[in-house]
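Below is one structure, written out as structure tokens; the observations come after it.
The values are calculated or read from the model by the stated rules, or taken from the named source; none is laboratory data. Note that the structure is a prediction, hence the values are computed from the model and not measured. Cβ atoms come from the backbone with ideal geometry, glycine included; neighbour counts cover every protein chain shown. Protein only, heavy atoms only, side chains kept; ligands, DNA and RNA dropped before computing areas. Shrake-Rupley method; radii C 1.70, N 1.55, O 1.52, S 1.80 Å.
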Amino acid sequence: MLKKHLLGAALAAGLSLSAHADFIYSVPFGIDFHVDLSNSGGTPPPAPTGLHSIDCGYFHCYGLKDGTIWSIGYNGWGQLGRSGNVTVWADTGQPADQVVSGGYHGYAIHNGTIWSAGQDSYGQLGRTGDRTVWSDTGQPADKVTAGERHGYALHNGTIWSVGHNQYGQTGLGWGTGSWTDTGQPATDISAGQFHGYALHNGTIWSVGHNAYSQLGRGGSDSYWGDTGQPADQVVAGAYHGYALHNGNIWSVGSDGVGQLGRSGDTSVWGDTGQPATKVAAGLYHGYAIHNGTVWSAGQNSYGQLGRIGDPYIWVDTGQTADEIVGGGYNGYAIDGNALWAVGYNAYYQLGLGDNTNRIIFTESPQP
């Protein structure tokens with residue numbers, strides 16, 4: 001705790017955030033929460049007792065607690081899946097095993113199928129009906145991930161997609177308002193703003209928008225292609241990506257605000273040299289866990305890095321964590337049963353009861 005207090009004092013004294021920082025219309029993406037079922041007894045670990053599996057969109061966040069979806073923040077498109085006070089975490093009553101955020105929409109998995117809520121301007125909900133409540137799309141899935149206005153799911157070992165396709169991000173050659181099989185085999189998926197990554201046969205595959213070389217390969221942008229980059233995990237930001245390989249973070253794509261955490265050719269996956277066990281992407285920033293603490297790199301206009309110093313390199317924030325979540329211009333760290341939040345908070349998405357930005361990780365009360 002002393003380390004956190006000292007860091008907070010240094011930040012308060014040394015970091016000035018502009019109230020007029022330029023806003024870029026883009027989408028945040030959280031990480032997928034993986035539960036490790038392996039332990040010495042061979043039995044699943046006990047279920048978390050507090051809010052967990054947090055995932056944030058532009059200005060809203062979801063979490064799971066007591067087997068149902070909880071939500072907070074901006075609700076202009078009904079993406080919270082509930083009415084009532086948007087300034088505090090509240091139970092939607094929707095049961096779920098997984099929940100993820102897109103730009104202004106969300107997906108959940110319940111009873112083996114995808115449920116959705118929120119914006120549907122490009123058919124990204126994959127269903128008709130009331131957008132302000134969680135409803136079943138009927139699409140079976142083992143995992144789901146959300147981009148700005150599109151989504152991917154894993155079903156029967158292949159990627160299914162839905163929604164916006166201006167940049168070829170559905171991997172189908174067309175946009176669709178219903179979940180459709182791309183035929184691309186995969187074991188993991190992650191959606192960026194207008195692009196996507198997948199893991200197949202131990203390497204990263206990519207599709208969609210490539211104006212910032214975020215695909216990490218040449219060739220057709222409209223269909224899944226192999227980058228040849230080995231990885232154990234891959235996550236997408238707005239126009240960049242991170243992967244874990246050989247215990248280090250690798251990155252590719254846009255580096256305008258230092259989000260790659262390295263120098264060199266940004267059109268190919270490159271080793272940042274930063275060790276990590278987990279990595280997460282926000283819009284233009286990233287978080288990693290190394291030696292039990294959160295490290296960060298990239299844009300810091302709203303204090304989302306939780307630290308001062310060079311944004312172009314990975315630096316230790318001193319915040320202890322088991323899990324990390326990258327939102328649009330904010331983030332969460334989960335440390336045991338404690339929630340810590342940082343960054344942009346205009347829509348109360350940090351769960352702190354006010355709409356003041358935070359420049360250091362601040363404990364957010366459990367609902």
State the number of residues belonging to segment 100-159 that are part of a strand (DSSP E or B), hydroxyl-bearing (Ser, Thr, Tyr) and surrounded by 20 or more Cβ atoms within 10 Å (Cβ to Cβ).
6
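Is it fair to say Trp250 is assigned to a loop (DSSP other than H, G, I, E, B) and either free of Cβ contacts under 8 Å to residues at least 24 places away in the same chain or crowded, with 17+ Cβ neighbours inside 10 Å (or both)?
Working: assigned to a loop (DSSP other than H, G, I, E, B): no; either free of Cβ contacts under 8 Å to residues at least 24 places away in the same chain or crowded, with 17+ Cβ neighbours inside 10 Å (or both): yes.
It is false that Trp250 is assigned to a loop (DSSP other than H, G, I, E, B) and either free of Cβ contacts under 8 Å to residues at least 24 places away in the same chain or crowded, with 17+ Cβ neighbours inside 10 Å (or both).
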Find all pairs meeting these conditions: Cβ atoms under 9 angstrom apart; at least six residues apart or on different chains; first residue within segment 269-281 and farther than 10 Å from Trp250 by Cα and among the polar types (S, T, N, Q); second residue open to solvent by 20 Å² or more (accessible area, probe 1.4 Å) and assigned to a strand (DSSP E or B).
Thr277/His290
Just one of Arg262, Arg307, Arg217 is more than 16 Å from the chain's Cα centre (by Cα) and open to solvent by less than 10 Å² (accessible area, probe 1.4 Å); which is it?
Arg307
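What tally of residues in segment 179-214 results from selecting those that are surrounded by fewer than 19 Cβ atoms within 10 Å (Cβ to Cβ) and of a type outside the set (Gly, Ala, Ser)? Don't jump to the end; show me each part of the working.
Our first condition is that a residue be surrounded by fewer than 19 Cβ atoms within 10 Å (Cβ to Cβ); within segment 179-214, this holds for 180-181, 183, 185, 187, 200-203, 211-213.
Then drop every residue that is not of a type outside the set (Gly, Ala, Ser), which leaves 180-181, 185, 187, 200-201, 203, 212.
Matching residues across segment 179-214 total 8.
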Every residue from segment 265-295 that is under 19 Å from Asp232 (Cβ atoms), assigned to a loop (DSSP other than H, G, I, E, B) and open to solvent by 50 Å² or more (accessible area, probe 1.4 Å)
Val268, Thr277, Asn291
Against the condition crowded, with 23+ Cβ neighbours inside 10 Å and either in contact (Cβ under 8 Å) with a residue 40 or more places away in the chain or over 23 Å from Thr227 (Cα atoms) (or both), how does Ala346 come out, does it pass?
no
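Test Asp265 against the criterion of being free of Cβ contacts under 8 Å to residues at least 12 places away in the same chain and either of a type in the set (Ser, Thr, Tyr) or over 20 Å from Gln193 (Cα atoms) (or both), and give yes or no. Let's see the steps before the verdict.
On the way: free of Cβ contacts under 8 Å to residues at least 12 places away in the same chain: yes; either of a type in the set (Ser, Thr, Tyr) or over 20 Å from Gln193 (Cα atoms) (or both): yes.
Judged against the criteria, Asp265 is a match.
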With the condition kept exactly as written, say whether any residue in segment 313-326 is in contact (Cβ under 8 Å) with a residue 60 or more places away in the chain, under 19 Å from Ala236 (Cβ atoms), of a type in the set (Gly, Ala, Ser) and buried (at least 24 other Cβ atoms within 10 Å of the Cβ).
yes
Pairs with Cβ under 6 Å, 6+ apart, first in segment 167-178 and farther than 17 Å from Val144 by Cα and open to solvent by less than 10 Å² (accessible area, probe 1.4 Å), second modelled with pLDDT of 95 or more and among the small types (Gly, Ala, Ser):
Gly168/Gly208; Gly168/Ser222
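For segment 324-335, does any single residue satisfy the condition of being within 20 Å of Lys65 (Cβ to Cβ) and more than 19 Å from the chain's Cα centre (by Cα)?
Kept after step one, since they are within 20 Å of Lys65 (Cβ to Cβ), are these residues of segment 324-335: 324-325, 327, 330-335.
Filter once more, keeping what is more than 19 Å from the chain's Cα centre (by Cα): none.
No: segment 324-335 contains no residue that is within 20 Å of Lys65 (Cβ to Cβ) and more than 19 Å from the chain's Cα centre (by Cα).
When you go through Leu64, Leu80 one by one, which is the residue that is among the aliphatic types (A, V, I, L, M), within 23 Å of Ala280 (Cα to Cα) and in a loop (DSSP other than H, G, I, E, B)?
Details: Leu64 fails: in a loop (DSSP other than H, G, I, E, B).
Of Leu64, Leu80, the one residue that is among the aliphatic types (A, V, I, L, M), within 23 Å of Ala280 (Cα to Cα) and in a loop (DSSP other than H, G, I, E, B) is Leu80.
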